[in-house]
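**Q** Once you've had a glance at the structure underneath, I'll fire off some questions.
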Amino acid sequence: MTKRVNLLDTREFIFLMAIIMSVTALSIDAMLPALGQMSQDLNVSNANDIQMVITAVFFGMSIGILLYGPYADAFGRKNAIYLGIGIFLVGTVISIYSTDLTVMLFGRAMQGFGSASCRVVSMAIIRDKYEGVEMAKIMSLIMMVFIMVPALAPLLGQGILLFATWQAIFWFIFFFALLGAIWMHFRQRETLTPENTRPFSISSIISGSIETVKNPVAMGYTAMTGILFGSFVAYLSSAQQIMEIQYELGDMFATYFGILAFAYGLSSYLNAKLLGKFDLHKICFFYLMFHMVISLTFYLISLGLADNLPFNLFYIYMMATFFCLGGLFGNFNSMALKPFGHMAGIATSVISSIQTFLAVIVGGIIGQSYNGSVQPLILSFLISAMITLAIFISVRKKSKASAK
């Protein structure tokens with residue numbers, strides 16, 4: 001049964017879930033200011049190759065996601081978190097002591113593989129406690145807290161680099177993840193009930209996966225999230241090149257990057273408020289339309305300019321984009337998971353895996369197309385918004401038809 005959202009009762013839960021979910025974000029965003037130094041220390045010859053330090057995390061996560069959902073359904077949510085964070089910590093140590101790009105990418109992929117548990121299992125825990133609109137509200141509040149980590153992470157990384165090397169950033173990430181696991185151990189009860197336990201077997205995983213992918217509405221929202229997330233990954237991969245080098249922001253890159261994250265957090269907060277007054281699907285439609293219109297507008301502006309888009313215009317565009325994404329990701333994930341309360345772990349694994357695979361493919365292609373201009377990035381956001389809107393309309397039609 002769905003529980004009512006009560007901030008007084010759920011405040012610590014919201015903060016704990018935000019911390020656990022932010023392990024991956026911290027391992028990505030805190031490293032962005034260090035990519036230049038890492039490129040030199042690891043002897044990276046092609047400037048675009050250093051982007052793989054970011055995409056390798058998502059690659060590892062896309063594989064790990066397949067494991068932790070079934071594991072969490074069989075052995076408990078907390079045990080799955082402990083396993084994943086343990087692997088994450090090993091990957092962090094490998095990254096710290098890497099001396100070339102190949103070893104670094106292996107360590108980063110291992111970090112992603114381990115941190116996949118934080119994403120999958122936290123979503124399963126939230127689904128154990130809430131569903132539908134109530135889950136979307138909680139997700140919005142969690143994202144509002146969560147976004148503080150990627151907002152401050154580049155500043156943190158930049159600050160550490162003033163006194164130490166990039167390896168020190170990894171050590172900070174190491175202890176952040178360890179403390180999150182300790183907090184969960186002592187303060188969060190196990191949410192998997194005996195009746196929802198599923199055996200950790202190939203047949204159970206296959207049957208649960210088939211049930212998930214055969215749900216057209218869930219797969220629709222899964223595809224939408226993956227496509228939008230792909231453009232977001234492309235931005236993360238190229239953010240250091242765009243802001244620090246192309247726009248010559250230097251050390252101010254971390255500050256500007258962090259401010260963008262606050263637009264995401266503001267949107268998440270407003271989304272939680274709007275869900276109490278308006279239909280969830282109408283809210284999503286508004287965000288998608290606004291995202292498409294703003295992307296089309298700025299893409300046309302970029303075509304009309306002889307030189308690159310001025311930084312102030314690019315920054316306004318990214319603020320608007322982050323605002324839209326802040327309202328969409330939580331809502332889409334909540335709707336994708338709504339039918340699977342009886343197997344939240346494996347459903348989250350399947351859905352998150354598909355989303356991440358899509359994001360890695362889309363983001364990798366877009367990131368490698370960076371040519372000193374932000375035009376390919378804006379175009380990618382425009383195309384992803386158009387495709388997502390088309391899928392959204394199709395899914396809504398199927399939902400209404402099945403409800404009759």
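The values are calculated or read from the model by the stated rules, or taken from the named source; none is laboratory data. Small disclaimer: the values here were computed from a predicted structure and weren't measured. Backbone-built Cβ (ideal geometry, glycine too); neighbour counts: all protein chains shown.
**Q** What is the number of the single condition among (1) of a type in the set (Ser, Thr, Tyr); (2) farther than 20 Å from Glu131 by Cα; (3) at pLDDT 90 or above that Thr222 does not meet?
**A** (2)
**Q** Let me ask you something else. Answer yes or no: is there a residue in the stretch 159-173 that is within 23 Å of Phe262 (Cβ to Cβ) and either under 16 Å from the mean Cα position of the chain (by Cα) or small (Gly, Ala, Ser) (or both).
**A** yes
Per-residue answers, yes or no, for (1) surrounded by fewer than 20 Cβ atoms within 10 Å (Cβ to Cβ); (2) touching a Leu at 6+ places or on another chain (Cβ under 9 Å); (3) assigned to a helix (DSSP H, G or I):
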{"site": "Pro150", "(1), (2), (3)": "no, yes, yes"}
{"site": "Gly159", "(1), (2), (3)": "yes, no, yes"}
{"site": "Gln167", "(1), (2), (3)": "yes, no, yes"}
{"site": "Phe170", "(1), (2), (3)": "no, no, yes"}
{"site": "Ile173", "(1), (2), (3)": "no, yes, yes"}
{"site": "Ile182", "(1), (2), (3)": "yes, no, yes"}
{"site": "His185", "(1), (2), (3)": "yes, no, yes"}
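**Q** Anything in the stretch 276-317 that is hydrophobic (A, V, I, L, M, F, W, C) and over 19 Å from Ile387 (Cα atoms)? List them, or say none.
**A** Selection gives Phe278, Leu280, Ile301, Leu303, Leu305, Ala306, Leu309, Phe311, Leu313, Phe314, Ile316.
**Q** Hey, does the stretch 387-404 have a residue that's aliphatic (A, V, I, L, M), at pLDDT below 80, surrounded by fewer than 22 Cβ atoms within 10 Å (Cβ to Cβ) and more than 20 Å from Ser62 (Cα to Cα)?
**A** Step one: list which residues in the stretch 387-404 are aliphatic (A, V, I, L, M), which gives 387, 389-391, 393, 395, 401, 403.
Right, trim to at pLDDT below 80 and you get 401, 403.
From what is left, the residues that are surrounded by fewer than 22 Cβ atoms within 10 Å (Cβ to Cβ) are 401, 403.
Then drop every residue that is not more than 20 Å from Ser62 (Cα to Cα), which leaves 401, 403.
There is at least one residue in the stretch 387-404 that is aliphatic (A, V, I, L, M), at pLDDT below 80, surrounded by fewer than 22 Cβ atoms within 10 Å (Cβ to Cβ) and more than 20 Å from Ser62 (Cα to Cα).
**Q** Determine if the stretch 69-88 includes at least one residue that is closer than 18 Å to Gln37 by Cα and assigned to a helix (DSSP H, G or I). Write out each step before concluding.
**A** Looking only at the stretch 69-88, we keep the residues that are closer than 18 Å to Gln37 by Cα, and these are none.
No: the stretch 69-88 contains no residue that is closer than 18 Å to Gln37 by Cα and assigned to a helix (DSSP H, G or I).
**Q** Which residue pairs have Cβ atoms closer than 9 Å, lie 6 or more positions apart in sequence or on different chains, and pair a first residue in the stretch 1-18 that is of a type in the set (D, E, K, R) with a second residue that is modelled with pLDDT of 75 or more?
**A** Lys3/Thr10; Lys3/Lys129; Lys3/Tyr130; Lys3/Glu134; Arg4/Glu134; Glu12/Arg187; Glu12/Gln188
Yes/no per residue for (1) part of a loop (DSSP other than H, G, I, E, B); (2) of a type outside the set (Val, Ile, Thr); (3) under 18 Å from Ile351 (Cβ atoms); (4) out of contact with any helix residue (DSSP H, G or I) (no Cβ under 8 Å at 6 or more places or on another chain):
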| site | (1), (2), (3), (4) |
| --- | --- |
| Glu195 | no, yes, no, yes |
| Arg198 | yes, yes, yes, no |
| Phe229 | no, yes, yes, no |
| Leu236 | no, yes, no, no |
| Ser268 | no, yes, no, no |
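**Q** Let me ask something else. Restricting to the stretch 214-244, name every residue that is among the β-branched types (Val, Ile, Thr) and surrounded by 24 or more Cβ atoms within 10 Å (Cβ to Cβ).
**A** Once the filter is applied, which keeps residues that are among the β-branched types (Val, Ile, Thr) and surrounded by 24 or more Cβ atoms within 10 Å (Cβ to Cβ), the stretch 214-244 yields Thr222, Thr225, Val233.
**Q** Do you know which residues across the stretch 37-70 are over 13 Å from Thr356 (Cβ atoms), modelled with pLDDT of 90 or more and of a type in the set (Gly, Ala, Ser)?
**A** Once the filter is applied, which keeps residues that are over 13 Å from Thr356 (Cβ atoms), modelled with pLDDT of 90 or more and of a type in the set (Gly, Ala, Ser), the stretch 37-70 yields only Ser39.
**Q** Please enumerate the residues belonging to the stretch 14-31 that are farther than 13 Å from Leu179 by Cα, of a type in the set (Ser, Thr, Tyr) and either surrounded by fewer than 23 Cβ atoms within 10 Å (Cβ to Cβ) or out of contact with any Cys (no Cβ under 7 Å at 6 or more places or on another chain) (or both).
**A** Within the stretch 14-31, Ser27 is the sole residue that qualifies.
**Q** If we keep just the residues of the stretch 92-127 that are among the small types (Gly, Ala, Ser) and under 17 Å from Gln37 (Cα atoms), which is farthest from the chain's Cα centre (by Cα)? Steps first, please.
**A** Keep residues of the stretch 92-127 that are among the small types (Gly, Ala, Ser), which gives 95, 98, 107, 109, 112, 114-117, 122, 124.
Filter again for under 17 Å from Gln37 (Cα atoms), leaving 95, 98.
Numbers: Ser95: 21, Ser98: 26 Å.
That would be Ser98.
**Q** Right, next: Looking at the stretch 275-286 only, could you name the residues that are surrounded by 21 or more Cβ atoms within 10 Å (Cβ to Cβ) and outside any loop (DSSP other than H, G, I, E, B)?
**A** Cys284
**Q** So if I check each of Gly345, Gly367, Gly372, Gly330, which one is on the phi > 0 side of the Ramachandran plot and at pLDDT below 90?
**A** On the way: Gly345 fails: on the phi > 0 side of the Ramachandran plot; Gly367 fails: on the phi > 0 side of the Ramachandran plot; Gly330 fails: on the phi > 0 side of the Ramachandran plot.
Answer to the check: Gly372.
**Q** Let me ask you something else. Please tell me if Ala254 is part of a helix (DSSP H, G or I) and surrounded by fewer than 23 Cβ atoms within 10 Å (Cβ to Cβ).
**A** no
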